[in-house]
Amino acid sequence: MGKDIELEYYPKLNNAQIEEIINSIAERKENWDSPFFVDTKTFINLDKIKSVLDSLNIDNIQNVIILGTGGSIQTLLALKHLSKKKIYPITSSRAVELNLCLESTTPKNSIVIPISRGGETLDINSTIGTFIKKGYNFLGLSSKGTMNKILKKINCPILDVPDLAGRFAASISNVAIVPAYLAGIDINSFLKGLEKSYDLFMKYDLNPSTEFSAFLFKLYNKGYRILFSMPYSINLEGSIGLFVQEISESSGKNERGLMGAYQSAPLCQHSVLEYLLGGTKGIVIPIIWTVENELLDLTLESSIDYIHGQTAQSIVGYQADATFQALIEQGVPSAKISLETPNALKIGQLIAFIQSTVYNLCLLLDVNWANNPKVNIGKKICNEALLNKTSSQKRRDHRKIKAEEVFRSFF
């Protein structure tokens, strides 16, 4: 498989500290559901996928329009840079993205793929009709609910979505594999990267995932609550988006957990680094993510001697290392995670690392890694307001009444 994920972090834990935490992970694994996401075969039928997609004449498809949000799309975004076709991720009915997609594509050279496990996601259902009216072809990834009924009415092919936690299931099910295959991404290498890496990361021994989990858990116990990721390659940003979702949605319950956030690097050096170095300490854990060999690098021309002849990504690498050292010098606990190259195999490896780490951390926090019980609160409020055609002013009045009730004597 080549070089594994490289993890560098400070302050370092000694082997005894790590071993103690690994034992805690092993002891708590029986408290929660087994990690289904390590099974890279059961939930995927590649022969069926190929049969359905071959019937769609996919060679003529230039644009793959994905109607999905959260776990339904984030893994595909991690692979998007490897696509041989143009992918349009439509995560909601935000007008700018929707209009841009409609203006840039035609029904003749495009396919629309709505994705939803339960079939009731408003972000998805609100946009389907627009594409139907304009005559786009569809391929549904759905098993039940309103969306499934809409797709059956237009007689489009439908492949099922397993009833599993979407943010963990996409990589080993139709959710990510079908659109990735359609887009010309090497899914076999991706799945190989997942499988081989889970063999490493999901063992209860010293490996990059258990060590990173131990580091984060130790910092959590010291009061740290925010993981701020700094991806130094655009080809890592989809994977980091998945990390942000999984760390926040999986660990953040029962008044516990860490929140994930990120901004592109080195841009973030000019926007948040001052806070990280000189602001309130003991809250934020900066995580630097880099690639050693970018897929498309180029040699720079410059009148500055020490820049001329360097590759573009090597300059970014110097900046990443300098930022990491600056954080260390200012006493900020931080980590650097390096990927050899962002090809399909290595992205599989990275996603396995991310999901193993989040799973281990949830066991240490003693929270259910697979569910997200609070997410439906806002969905229920939104659907009720839509059904009742509640005006903007009335929605504001409702918030005011509720806030006065909840925050009485807060300050």
Region 33-62 residues that are more than 30 Å from residue 362 (Cα to Cα) and in the same structural domain as residue 178 (by TED's automatic domain parsing), paired with ones that are among the β-branched types (Val, Ile, Thr) and assigned to a helix (DSSP H, G or I) (beta carbon under 6 Å, 6 or more apart): 49/178
In region 232-247, what residues are within 13 Å of the chain's Cα centre (by Cα) and either touching a residue at least 24 places away in the same chain (Cβ under 8 Å) or not in a helix (DSSP H, G or I) (or both)? 235, 236, 237, 238, 239, 240, 241, 242, 243, 245, 246, 247
Here the residues within region 248-262 that are assigned to a loop (DSSP other than H, G, I, E, B) and crowded, with 17+ Cβ neighbours inside 10 Å are 252, 253, 257, 258
Any residue in region 269-298 that's in the same structural domain as residue 213 (by TED's automatic domain parsing) and closer than 17 Å to residue 259 by Cα: show its pairings with residues that are loosely packed, with under 12 Cβ neighbours inside 10 Å and modelled with pLDDT under 95 at Cβ separation under 9 Å, as long as the two are six or more apart or on different chains. none
Give the residue, chosen from 367, 332, 358, 406, that is surrounded by fewer than 18 Cβ atoms within 10 Å (Cβ to Cβ) and β-branched (Val, Ile, Thr). 406
The condition from (1) in contact (Cβ under 8 Å) with a residue 40 or more places away in the chain; (2) part of a helix (DSSP H, G or I); (3) among the acidic types (Asp, Glu) that residue 163 misses is numbered (2)
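Conditions (1) assigned to a helix (DSSP H, G or I); (2) at pLDDT below 95; (3) not hydroxyl-bearing (Ser, Thr, Tyr), marked per residue:
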| site | (1), (2), (3) |
| --- | --- |
| 1 | no, yes, yes |
| 4 | no, yes, yes |
| 22 | yes, no, yes |
| 50 | yes, yes, yes |
| 65 | no, no, yes |
Of everything in region 90-111 that's small (Gly, Ala, Ser) and assigned to a helix (DSSP H, G or I), which residue is farthest from residue 124 (Cα to Cα)? 104
Region 114-127, residues that are of a type outside the set (Ser, Thr, Tyr) and either buried (at least 22 other Cβ atoms within 10 Å of the Cβ) or not assigned by TED's automatic domain parsing to the domain that holds residue 95 (or both): 114, 115, 117, 124
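The values are calculated or read from the model by the stated rules, or taken from the named source; none is laboratory data. Just so it is clear, the structure is predicted and the values come from calculations on it, not from any experiment. As a convention, Cβ positions derive from the backbone with ideal geometry for all residues, glycine included, and neighbour counts pool all protein chains shown.
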